[in-house]
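As structure tokens, the structure follows; a few thoughts come after it.
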Amino acid sequence: MRTISKPVIRCAALACLCLAAPAAHAGRVWFDGSRDEDDGQPGMLLSDNIGFWGDVILTGVTYRYETPPDAPPDTISFGGPSPNRLVDGRVHGYRVGIGKGPLIVVFDFKRTCVLKEVDLATMTDRKIASRFEVSPDGKTAWKTVHERAIEDCPAQDLHRVTLADTTRGQFLRLTLQGPTSTRLEEVWVWGDAQVTDKQPEAYRPRVIPEVYTEVAYRSIPGIPKTAVTDHEFHAWRMKLADWRSEPAVWSRVPTWGAITDRPLLPDPAQPLERVDLVMARNETEPVAVALTTTRMERSNIVRVDLSGFHPVGRPETDAPGISGKLRIAGAIPSRDHGVNIGPLFEADNLPGASLLRRYLTNGPGIQDFPKVKLSPSGSAVLWLSITTRDAPPGDYLAELVCAGGRKLDVHVRVLDVTLPNPFVWLHTWGYPTSLRSHPFVYSDRLEREVDYMHEIGLSSFLGRPSPEHPGMLSRKKGGHVMFALNALGDLEHIARTRPVKPDEVTDSQKQYLRNWITDNVENAKKLGLGYNEFCFELWDEPGKGSAVSYRTFAQLIKDIDPNANIYANPCFWAGWAKDGVHGDDVVYEELAPWYTELIDVSVPLELLIQNPMPRSYALFDKPGRLVNAFYNVNAQHSKSERQVPVYRRMAWEAFRRGWNGWAFYSYYAPRGNPWDDSDRAIHGENMPDYQVIYPGPRGPVPTRQTESVREGWEDYRLLTLLKQRGMQKQLDAIVAAYERGESFEALRSSALRAAAGN
């Protein structure tokens, strides 16, 4: 389930290597590691490649072959009309090719374009002869705009060809010839094109845009449950009294619950004028608010801005220990839960306006944020995050301003409470959102992502560590880390094919394993990692029938290095007809002879600890183990507004059991296009996207789900503080309230007051 192909792993490693430069160095890093100092695009992207999230013109481009590829053919459609391998955003492993003669492909942009640059990914045939021609009609008057012989071509993965400023045409023909056969992975075309009413962009929206009538309007475009009739809105507006003249009014909406299950109409008797938060000295606390127009007859464009903070009563004094960040919520379709509030955008990390219109139902309204276009009777949901960094205790104030309207005061009381930083194993089987962002990323992108990973508490990372690995960069910021390393290398397929007993492992296999383990341990030590900062995973989700091999190879690893930590995430899936997992007797019989002795990082599927399984639970609850944790496969609820608190609950479940870890699949492992939950993976798998975060042009785009992860991590730290202080009576009362189902907001408030001595 969580396997990522070797080409993707190589791509992720390259991305990490490319992005290691500090943020001060502006510029772009291309997928092959080359750099330039430009902090922008070569032009508007015209070729509609998946994986590029900046400014594009959706031309509706298609292409055809004059010499059909056969080695391999272009037969897999991924995220668009077939054929599309050349624009599917995959530069590793998904190529087209021709065995003999040149590969000739003709792109049709459906309109006359100014063509500025053509980029080719040639990961297989790094030297390639090329000729580019343009034509107004694709039939006659082909004009050569670039030509290069193979002996003049440098051997490299990426070839960028800048065209003359006068290059224009609707059709672009590429003629390519490799050393023998010809293979091509991807083509990007940059430039400009006119968009008119007669030649609009080919948005291909994932949800058909609504046509408004004078009967009912949506608070959030594309979400029918937010519909309000014209009579309802008129009656509400009449009750606003003096507020009726304002362009828009503020209201609180559920920060963690469902937002769009009803119209977003504030209480007309009490429009929101102030938000109050109580915080520790080193945490982040979010709050969701809505801005609702007072206009029904037309759209309403407003601008929203958040001021800096100052101590209450001293507006001229800065407050460097406290800051705010304002994001706007996008409404995005999902395959199982309809359209919901999803991505939370900062103004400098919005995807291109055309892409917002394709993937979001409220894209046209938020594309110019901090300017917001409120539809008739409509609302926008804004996400306000306040962060304290060693802020002195006291009261602070900022203003959230709607230009031309009334401000919203944001009042924060900082208590004399500092959260500790205990070791917690928080694993998500995910990679940075830059993983499939092509053909370039901005040089500060990874730092921005690592900052967010660190902020929400992620501590466990996949992949062999290196100085440029996100985990190592997080470690430099003071984060706890643990790397999950591949334990078996080329022996994994042998171990998984059949039960392997100790006497069936050959001497050559033992030597291979010794070399593999030793090399990984030495690499970790060279980076300054201790044994408690990495572990070895044999394979994913061992279950019924896996015990013999798992025990055999885990023992061999311990024999090679007794200090090596072994990871296991037993699953034992049996289907919902059998309560999800096999029963206690089956699980215990498989694991009891070896699990307690050999497993140092224990991560059973959550169902194995939720179902009544007392004997097996004792195996998972070993005192003194390096990591006692559990995991949840979250694709079923990662797009549900109602299930946002699931990610916070995991921390409480771990704490109440006395465990120090939890995990979910996944932070970022989309099956196809991460902005399209309904497409298929390149290899045909038809599943929802396993992700709780989205890729933006300059960094990750959080969701309420990722924000909930951080809240759980901070709750765990707060509960740990009470435990460190010996406040067991208060702690027992808070955990009991959690088990009774009290809200997380109330639980946090009780714990924070207890920590402050109130």
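Across the chain, the longest piece that holds none of the GluC sites (Glu not before Pro) lying in DSSP loops with up to 10 other C-beta atoms within 10 Å covers 317-684. Residue-wise HN-Hα couplings along region 364-376, as the Karplus relation 6.51 cos²θ - 1.76 cosθ + 1.60 with θ = phi - 60° gives them from phi, are x, x, 10, 5, 10, 3, x, 6, 10, 9, 8, 5, x Hz; Gly and Pro carry x.
Dividing the summed -39500 (n - 2.57) terms of all DSSP H runs of n ≥ 4 by the residue count of the chain sets its mean residue ellipticity at 222 nm at -6500 deg cm²/dmol.
Kindly state, as a whole number, the per residue volume in cubic angstrom of the convex hull around the alpha carbon atoms of region 353-495.
Numbers: hull volume 29.5 nm³, N = 143.
With only Cα atoms used, region 353-495 gives 206 Å³ per residue.
Karplus-based coupling profile of region 671-677, in residue order and whole Hz: 7, x, 5, x, 8, 10, 6, with θ = phi - 60° in 6.51 cos²θ - 1.76 cosθ + 1.60 and x standing for Gly or Pro.
Put simply, the amide H of T167, placed in the peptide plane, has neighbours under 5 Å in L115, leaving out anything fewer than 5 places away on its chain. Counting other Cβ atoms within 10 Å as a rough exposure proxy, the listed residues W713, W30, W576 run W576, W30, W713 from fewest neighbours to most. Pairs from the list K225/K325; K371/K407; K525/K622; K225/K407 with a Cα-Cα gap above 23 Å: K225/K325; K525/K622; K225/K407.
So what's Rg/Rh here for region 619-727, counting alpha carbon atoms and using the Kirkwood radius for Rh? Please report the intermediate quantities before stating the final value.
Numbers: Rg = 16.4 Å, Rh = 15.5 Å.
Here Rg/Rh amounts to 1.06.
Among G478, M453, F536, whose Cα sits farthest toward the positive end of the charge dipole of region 443-556 (+1 at Cβ of Lys/Arg, -1 at Cβ of Asp/Glu, about the Cα centre)? Final value for the positive-end residue is F536. Evaluating 6.51 cos²θ - 1.76 cosθ + 1.60 at θ = phi - 60° for every residue in region 255-272, the Karplus couplings come out as 5, 10, x, 5, 9, 9, 8, 6, x, 9, 10, x, 4, x, 7, 9, x, 6 Hz, glycine and proline recorded as x. Between D165 and T140, what FRET efficiency follows from the Cβ-Cβ distance if R0 is 30 Å, with the result rounded to 0.05? It comes to 0.80. Computed over the Cα atoms of region 425-703, pair by distinct pair, the Kirkwood hydrodynamic radius stands at 19.9 angstrom.
When R656, R748 are ordered from fewest to most other Cβ atoms inside 10 Å of their Cβ, what list results?
If I rank by nearby Cβ atoms, fewest first, I get R656, R748.
For region 216-414, the calculated P(r), taken from all Cα-Cα distances in 10 Å bins from zero up to the bin holding the longest distance, is 9, 35, 35, 18, 4, 0 percent. Summarising the label geometry, the points placed 7 Å from Cα in the beta-carbon direction at V735 and R514 lie 4.6 nm from one another.
For K578, the lysines whose Cα falls under 17 Å of its own Cα, not counting residues fewer than eight places away in the same chain, are K544. Close amide H pairs (under 5 Å, H built 1.01 Å from N) link V701 with Y694, G696, residues at least 5 positions away or on another chain.
Express in % the proportion of alpha carbon pairs of region 664-758 at distances exceeding 17 Å.
Numbers: 2739 of 4465 pairs.
The share of Cα pairs beyond 17 Å in region 664-758 comes to 61 percent.
Along its three principal directions, the equivalent ellipsoid of region 308-421 from the Cα gyration tensor extends over semi-axes of 32, 18, 12 Å, largest first. Distant-in-sequence amide contacts of N634, defined by a placed amide H-H separation under 5 Å and a gap of 5 or more residues or a different chain, comprise Y665, S666.
Three semi-axes describe the equivalent ellipsoid of the chain; taken as square roots of 5 times the Cα gyration tensor eigenvalues and ordered largest first, they are 42, 40, 23 Å.
Here region 41-193 is treated as an ellipsoid with the same Cα gyration tensor; its semi-axes, largest first and in whole Å, are 21, 18, 15.
Any read-out appearing in this document is the output of simple, stated calculations on the displayed coordinates, not a laboratory observation. Because the structure is a prediction, the values reported are computed rather than measured. Glycine also receives a Cβ, built like all others from the backbone with ideal geometry; neighbour counts cover every protein chain displayed.
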